[in-house]
Amino acid sequence: MDTSVKVTGVIKVTDQQAERESLQLTDEERELLQAELAVLLPALSGERKEAYQALADAVERNSVPPDLLPLLEGLTKLALETGRARRIYRAEGERILTELFRKTPSGQELSKSLNEVNKALSILEGQTLQGVRVAMRTLGHFTVTIETEKAVITIAIRPDAVTVDSISVGGEAGLG
């Protein structure tokens with residue numbers, strides 16, 4: 001079944017539409033990003049420095065355009081994943097950067113994925129737990145399998161995602 005759609009013609013984007021696509025920053029977010037960029041920029045050179053300087057300029061204006069969002073995502077992920085955000089800015093700074101990451105396309109995708117996992121896990125509600133197992137598929141890719149009398153769910157955990165790997169409801173599948 002072909003579900004593709006062919007679009008022809010020209011789409012005109014107004015300044016107002018482009019502004020809506022940009023990520024608007026709070027003053028707190030701007031302050032933290034400026035501090036992170038102040039540390040990062042001197043360590044860069046060439047095209048990477050130019051790209052992050054463009055991000056710094058956008059941060060100064062409290063508005064990050066879509067083409068700079070991958071850099072913003074990378075900057076926030078670096079601060080959060082390394083623990084730098086909590087070390088330097090304490091729990092409040094970590095919270096602010098986490099909320100900022102959730103506003104980005106990658107953060108929105110992660111939130112959607114987490115909602116799907118929680119929806120799948122809700123089928124286990126009220127059931128008696130019969131088994132739980134954690135396994136490593138490969139470095140950085142783990143699974144958690146949860147078994148009840150009526151269902152077995154396997155959740156995959158990777159550095160950038162948590163997803164439902166498999167669901168078996170009402171069958172004889174078990175942790176075996």
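Taken together, the values in this text are just the output of simple stated rules run on the coordinates, not laboratory data. As the structure is a computational prediction, the values presented were derived from the model and not from experiment. Note: ideal-geometry Cβ built from the backbone for every residue, glycine included; neighbour counts use all protein chains shown.
Mind pulling the angle between the C-alpha long axis of helix 46-60 and the longest principal axis of the chain? Nearest 10 degrees, somewhere in 0 to 90.
Around 90 degrees separate the two axes.
Taking the Cα centre as origin and putting +1 on Lys and Arg beta-carbons and -1 on Asp and Glu beta-carbons, what dipole magnitude results for segment 111-169, to the nearest 20 debye?
Numbers: 6 positive and 6 negative charges, 25 e Å.
Computed charge dipole of segment 111-169: roughly 120 debye.
If the chain between LEU129 and THR82 were fully stretched, how many nm would it gain, using 0.36 nm times the residue separation less the Cα-Cα distance?
Working: separation 47, 0.36 × 47 = 16.92 nm, distance 3.47 nm.
In short, 13.4 nm is gained.
Against the longest alpha carbon principal axis of the chain, how many degrees, from 0 to 90 and to the nearest 10, is the axis of helix 27-40 turned?
Tilt of helix 27-40: around 80 degrees.
Sequence gap at least 6, Cα distance under 8 Å: using those rules, report the relative contact order of segment 15-103 to the nearest whole percent.
After rounding, I find 33 percent.
Stokes-Einstein diffusion coefficient for the chain at 20 °C in a medium of 1.002 mPa s, Rh from the Kirkwood formula over Cα pairs: what value in µm²/s? Intermediate results must be reported in sequence, preceding the final value.
Details: Rh = 19.5 Å.
Using the Kirkwood radius from Cα pairs, D works out to 110 µm²/s.
Of ASN62, GLY126, THR98, whose Cα points farthest to the positive end of the dipole of the chain (charges on the beta-carbon: +1 Lys, Arg; -1 Asp, Glu; origin at the Cα centre)?
Final value for the positive-end residue is GLY126.
Note the direction-averaged projected area, equal to a quarter of the hull surface, for the Cα convex hull of segment 114-165, in nm².
Numbers: hull surface 13.8 nm².
If you wrap the Cα atoms of segment 114-165 in a convex hull and average its projections, you get 3.4 nm².
Based on DSSP H runs of at least 4 residues, each adding -39500 (n - 2.57), what is the mean residue ellipticity at 222 nm of the chain after dividing by all its residues, to the nearest 500 deg cm²/dmol?
The per-residue figure over the chain is -16000 deg cm²/dmol.
Using 0.36 nm per residue, how much length does the chain from GLU109 to GLU92 gain when fully extended, once their Cα-Cα distance is taken away?
Working it through step by step, the gained length comes to 3.8 nm.
Taking trypsin sites (Lys or Arg not before Pro) as candidate sites, keep only those in a DSSP loop with at most 13 other Cβ atoms within 10 Å, then name the longest stretch of the chain containing none of them.
62-176
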